[in-house]
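**Q** One structure is given below, represented as structure tokens, and several questions about it will come after.
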């Protein structure tokens, strides 16, 4: 099973190739040019270094967001086109869910936190975040590979706001519980997180590239069961696009 994972949620982006969940190739984009200029050329180059083409890919994985609005649209459209051309399924992967899986796998069989909090740099001084708590154990035996992905559920919906506002809103949940906070927004928020989180909490800012994590996860439960038709993919925005907000401001300014 050859999986090609595409992340265009940031200006740079990342791309990874995995065989049966083992990453065999990875690359990052150049932030000086747009995803529209670089794709699908970067994907062909990644495959070419392994002596492969898009026809060899069995399954695609693509980051659904939240992240850069334009980057998301370009990445999803590129994967849809390639998957449709070759009749391949696609696993759409929300960024916050992927980070929760990474944190859950880091916990392994050791001490499990009360909460996992993805913490993604949303620019404008904001973060994308949500609260995840352990899900009730399903009835019947559960394989080890399914435990991390199926073991957590959202209990505070995704939000985009300045870090202090996010933490103020969840203070009653965070104060006396251990939370693992994970993502590229952690480093900039470290002093604030240190002051607001409960005992036993951890800050995880050294995480693998999103595409690397996605490529490895796409063949594991519950992700592999979510592989479907390319046209069914829907981006996860969390906040409204700048263009939409600008149109609304113009309408309000021109209203009598």
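The values are calculated or read from the model by the stated rules, or taken from the named source; none is laboratory data. What you see is a predicted model; the values in this text were computed from it and never measured. A quick note on method: Cβ atoms are made from the backbone with ideal geometry, for glycine too, and the neighbour counts reach across all protein chains shown.
**Q** Go through the range 10-24 and report how many residues are outside any strand (DSSP E or B) and surrounded by fewer than 24 Cβ atoms within 10 Å (Cβ to Cβ).
**A** Going through the range 10-24, the residues outside any strand (DSSP E or B) turn out to be 10-13, 20-21.
Checking the rest, the ones that are also surrounded by fewer than 24 Cβ atoms within 10 Å (Cβ to Cβ) come to 10-12, 20-21.
Residues in the range 10-24 being outside any strand (DSSP E or B) and surrounded by fewer than 24 Cβ atoms within 10 Å (Cβ to Cβ): 5 in total.
**Q** Just checking, how many residues over the range 25-47 are surrounded by 12 or more Cβ atoms within 10 Å (Cβ to Cβ) and in a helix (DSSP H, G or I)? Spell out how you get there, then give the answer.
**A** Going through the range 25-47, the residues surrounded by 12 or more Cβ atoms within 10 Å (Cβ to Cβ) turn out to be 25-30, 34-40, 42-47.
With the extra rule that they be in a helix (DSSP H, G or I), the set shrinks to 35-38, 42-47.
Going through the range 25-47 one residue at a time, the tally reaches 10.
**Q** Do any helices (runs of 4 or more DSSP H) entirely within the range 173-256 hold 1 or more residues that are more than 29 Å from residue 82 (Cα to Cα) and at pLDDT 95 or above, and if so, which?
**A** Details: elements: 186-196, 210-217, 242-254.
Those helices (runs of 4 or more DSSP H) span 186-196.
**Q** Which residue is surrounded by the most Cβ atoms within 10 Å (Cβ to Cβ), if the candidates are limited to the range 48-69 and must be farther than 25 Å from residue 239 by Cβ and in contact with a strand residue (DSSP E or B) (Cβ under 7 Å, 6 or more places away or on another chain)?
**A** The residue in question is 60.
**Q** Go through the range 82-96 and report how many residues are touching a residue at least 40 places away in the same chain (Cβ under 8 Å), out of contact with any helix residue (DSSP H, G or I) (no Cβ under 8 Å at 6 or more places or on another chain) and surrounded by fewer than 23 Cβ atoms within 10 Å (Cβ to Cβ).
**A** Within the range 82-96, residues that are touching a residue at least 40 places away in the same chain (Cβ under 8 Å), out of contact with any helix residue (DSSP H, G or I) (no Cβ under 8 Å at 6 or more places or on another chain) and surrounded by fewer than 23 Cβ atoms within 10 Å (Cβ to Cβ) number 1.
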